[in-house]
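What follows is a short report on a single structure.
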Amino acid sequence: MVKKMLINVLLVSFAALQYIVIAQESPAVPGASYEQIMSEFITPADKNHLWCYWYWINDDISKAGITRDL
């Protein structure tokens, strides 16, 4: 039992270490400055638009349920 817990702790530690190393090596947005990101966020391009994906399990839908969700 103790051996299994030690292996789990080592695996989690190794995964966390890999994540930290990879996160430090790659920039969040390559080549983009904070000012550029903010200006594009405030005035987005025309190609950016909102969308929604709905799905129902086993066709369990009704007009009243959709109206209530909206």
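Where a number appears in this text, it was derived from the coordinates with a stated rule and is not lab data. Computed from a predicted model, the values in this text were never measured in an experiment. Heads up, the Cβs are rebuilt from the backbone with ideal geometry, glycines too, and the neighbour counts pull from every protein chain shown.
What to note about this one:
- Point-to-point label distance, Ile42-Ile66, nm (Cα→Cβ direction, 7 Å offset): 4.0 nm
- Placing unit charges on the Cβ atoms only, positive for Lys and Arg and negative for Asp and Glu, gives the chain a dipole magnitude near 440 debye about its Cα centre.
- Computed from Cα atoms, the angle from the helix 2-25 axis to the main principal axis of the chain rounds to 60 degrees.
- Against the rule of thumb 2.2 N^0.38 Å, how large the Cα Rg of the chain comes out: 2.08
- The chain: chymotrypsin sites (Phe, Trp or Tyr not before Pro) falling in loop per DSSP and having at most 12 other Cβ within 10 Å: Trp51, Tyr53, Trp54, Tyr55, Trp56
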